[in-house]
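The values are calculated or read from the model by the stated rules, or taken from the named source; none is laboratory data. These figures come from a predicted structure and were not determined experimentally. Here Cβ is always computed from backbone atoms with ideal geometry, including for glycine, and neighbour counts include all displayed protein chains.
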Amino acid sequence: MKKKLDKIAKDTNTFLKGFIKKQKKSELIKPMQYGLFSGGKKIRSKVLIDVGSLFNIKYKSLIIIGSAVECIHAYSLIHDDLPCMDNDTIRRGKPSTHVKFGESTAVLAGNSLLTMAFEILSHNELNISEKIKISLINKISEGSGHLGVAGGQYLDLSYEHKKVSKKKIIEMEIKKTGRLFSFCCMAPLIIKQKNKKEISKFKNIGADIGLLFQVADDLIDHRGDLSIAGKKTGKDKKKGKATLISLLGQKNTVKYADNLILKINNKIKVYGKKSKNLSETLNYILNRDK
């Protein structure tokens with residue numbers, strides 16, 4: 001599993017470094033690179049490639065699409081760490097972007113990474129039709145804005161120190177984390193021009209994978225260690241964050257996550273041996289320690 005993740009991370013970073021190198025230089029390139037190349041595992045890209053392999057999508061195309069996803073993920077982390085958001089000073093074992101470069105620069109670097117994702121998806125290096133490119137940009141935009149990442153972060157902040165129902169916590173976590181995973185699961189089907197029903201099926205699979213990822217992240221915060229996680233742990237409880245752990249407890253949250261994996265595996269088993277990679281990724285997501 002680690003070898004597969006390392007290869008995807010290497011290939012994604014190679015594409016992104018080449019893409020940035022071809023652009024005109026600006027003062028924001030350095031903080032953009034700092035937030036983008038901070039050692040992330042590229043799990044979203046791994047899920048994209050796992051689903052892409054079910055439908056025989058070219059690896060290079062998936063790496064390019066995954067690079068756009070990683071830009072949006074990096075932007076969201078830069079903004080989430082800001083003092084006006086979660087106020088986190090450490091990210092992946094080093095100072096957060098706003099600590100290193102200042103708050104205003106971090107905001108602008110995040111904005112630039114968000115828009116660079118759309119540049120990547122519309123670029124001629126992605127060798128698919130313009131119609132499909134527009135569809136991909138449309139879906140990734142939905143997953144990044146008020147219906148997705150941004151909307152989920154808003155709910156996350158607004159639920160602090162409040163009693164929140166299980167339904168609302170799941171809705172928040174799917175928006176905050178699940179929508180980007182939904183895009184990763186839908187993109188291969190959009191490229192293959194599958195029908196709406198099939199695309200919707202994989203949108204829901206992606207939402208469940210995102211929920212699994214967020215639950216695993218919450219478990220790391222609950223029981224993890226700074227030296228391993230690469231970020232401060234125990235902060236969710238201190239900030240009164242609404243999580244499934246705060247509602248269900250650790251033991252029942254782990255059970256909930258195990259049931260999510262079972263649910264996803266039941267949906268993808270129709271693809272036989274081809275689904276093995278995605279199943280392995282699900283187990284990795286839950287059992288990771290950072």
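Quick look at the values:
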read-out: Of all residues in region 28-69 being basic (Lys, Arg) and surrounded by fewer than 22 Cβ atoms within 10 Å (Cβ to Cβ), the one that is farthest from LEU278 (Cα to Cα); value: LYS30
read-out: Residues being within 14 Å of ASP217 (Cβ to Cβ) and of a type outside the set (Asp, Glu) - total across region 257-290; value: 8
read-out: Every residue from region 1-35 that is within 30 Å of ASN287 (Cβ to Cβ) and in contact (Cβ under 8 Å) with a residue 24 or more places away in the chain; value: MET1, LYS4, LEU5, ILE8, ALA9, ASP11, THR12, ASN13, PHE15, LEU16, TYR34, GLY35
read-out: Odd one out for ILE57, checked against (1) hydrophobic (A, V, I, L, M, F, W, C); (2) in a helix (DSSP H, G or I); (3) at pLDDT 95 or above; value: (2)
read-out: Candidates PHE202, PHE118, filtered to the one that is surrounded by 22 or more Cβ atoms within 10 Å (Cβ to Cβ) and either modelled with pLDDT of 95 or more or more than 14 Å from the chain's Cα centre (by Cα) (or both); value: PHE202
read-out: Every pair of residues 6+ apart whose Cβ atoms lie under 7 Å, when the first sits in region 124-142 and is touching a residue at least 12 places away in the same chain (Cβ under 8 Å) while the second is part of a helix (DSSP H, G or I) and among the basic types (Lys, Arg); value: LEU126/LYS133
read-out: Complete set of residues in region 50-107 that are of a type in the set (S, T, N, Q) and in contact (Cβ under 8 Å) with a residue 60 or more places away in the chain; value: SER53, SER61, SER76, THR89, THR97, THR105
read-out: Region 236-260: number of residues that are farther than 18 Å from GLU171 by Cα and in contact with a Leu (Cβ under 9 Å, 6 or more places away or on another chain); value: 5
read-out: SER38 vs. criteria touching a residue at least 12 places away in the same chain (Cβ under 8 Å), part of a helix (DSSP H, G or I) and not aromatic (Phe, Trp, Tyr); value: no
read-out: Residue satisfying condition, being under 23 Å from GLU27 (Cβ atoms), touching a Pro at 6+ places or on another chain (Cβ under 8 Å) and among the charged types (D, E, K, R), within set GLU70, GLU103; value: GLU103
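Residues are listed down the side, and each one gets a yes or a no for (1) farther than 23 Å from ASP86 by Cα; (2) touching a Gly at 6+ places or on another chain (Cβ under 8 Å); (3) of a type in the set (Lys, Arg):
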{"site": "ASP236", "(1), (2), (3)": "no, no, no"}
{"site": "LYS241", "(1), (2), (3)": "no, no, yes"}
{"site": "VAL254", "(1), (2), (3)": "yes, no, no"}
{"site": "ASP258", "(1), (2), (3)": "yes, no, no"}
{"site": "LYS263", "(1), (2), (3)": "yes, no, yes"}
{"site": "LYS267", "(1), (2), (3)": "yes, no, yes"}
{"site": "ASN277", "(1), (2), (3)": "yes, no, no"}
{"site": "TYR284", "(1), (2), (3)": "yes, no, no"}
{"site": "ARG288", "(1), (2), (3)": "no, no, yes"}
